[in-house]
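For reference, the structure discussed in these notes is given below.
The values are calculated or read from the model by the stated rules, or taken from the named source; none is laboratory data. All of these numbers come straight from a predicted model, not from anything done at the bench. Don't worry about glycine lacking a Cβ; one is built from the backbone with ideal geometry, like all the others, and counts go over all protein chains shown. Side chains included, ligands, DNA and RNA excluded: accessible areas come from the protein's heavy atoms. Shrake-Rupley method; radii C 1.70, N 1.55, O 1.52, S 1.80 Å.
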Amino acid sequence: MSESLPSPRQLFHMLDSGRLTQEQFREAMAQHAREVIVEMEEDHLNPAMAFIEQMMSRRAASKLLKKHDETLIREVLLALSDLSDFPPGRWLWNAGHPHIPLHAFFRSHKEPVFRIASLEAAPQTVAVIVEYGISGMPKVLHKEEIRLRRDRRNQLGLERRRSL
């Protein structure tokens, strides 16, 4: 999977601002579609592992939902998807769509891993600790603290970010 390919959300922004042609946009979106199809084929070939991953993802989402509103969690995921150098953003770009189950955005063991270790929300700021990378390899699993702040339009945006 290409780490350099921007998320679909970023591609839409690039298209709207004129930094991308229609043809470049279509090709990049086709690449994303091919990656999704490959994952679906892998899940079809190993349904037991796909089921276990789904249950673990549901559990991760459930833990967050006990403490936070689903709207806030989706808003945080969308803000993370806008970060240009945040590889998991490629899988979070459509978190704002309520018809997609929240657990679909968490990847407990499936490569690439994406977990939210903690989430602390205040009225104007959100502090989130995320883990992402390759499972089972501590040097490749990145852990970051990301602080988001609301702007004048009430949108969450990056305030600061640091590796842990």
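Of the trypsin sites (Lys or Arg not before Pro) found in region 101-164, the ones in coil according to DSSP and having at most 13 other Cβ atoms within 10 Å of their Cβ are K139, R152, R153. As a fraction of the 1.4 Å probe accessible area of region 1-128, surface on carbon and sulfur atoms comes out at 59 percent. The alpha carbons of region 1-77 occupy a box of 42, 35, 16 Å along the principal axes, longest dimension given first.
For the chain, modelled as a Gaussian network with Cα springs under 10 Å, which listed residue fluctuates most, G96, G133, G18? Greatest mean-square fluctuation among the candidates belongs to G18.
Taking P88, P112, P98 in turn, the Gaussian network model of the chain (Cα-Cα springs below 10 Å) assigns the largest fluctuation to P98.
Residues in region 1-147 average 58 Å² of solvent-accessible surface per residue, probe 1.4 Å, ligands and nucleic acids excluded.
Under a no-solvent Debye model with one identical scatterer per Cα of the chain, what's log10 I(q)/I(0) at q = 0.10, 0.11, 0.20 Å⁻¹? For the requested q values the scattering log ratios are -0.38, -0.47, -1.50.
Label positions at K63 and Q124, each projected 7 Å from the Cα along the C-beta direction, are separated by 3.1 nm.
Using a Gaussian network model of the chain in which every pair of alpha carbons under 10 angstrom is joined by a spring, one finds that among S81, S108, S17 the greatest mean-square fluctuation is at S17.
Fully extending the segment from H44 to H13, taken as 0.36 nm per residue of separation minus the present Cα-Cα distance, adds 7.8 nm. Neighbours of A50, meaning other residues whose beta-carbon lies under 10 angstrom from its beta-carbon, give a summed charge of -3 when Lys and Arg score +1 and Asp and Glu score -1. Taking trypsin sites (Lys or Arg not before Pro) across region 1-30, the ones in a DSSP loop with at most 13 further Cβ atoms lying within 10 angstrom of their Cβ are R19. Other residues whose C-beta falls under 14 angstrom from the C-beta of R34 contribute a net charge of -3, scoring Lys and Arg +1 and Asp and Glu -1.
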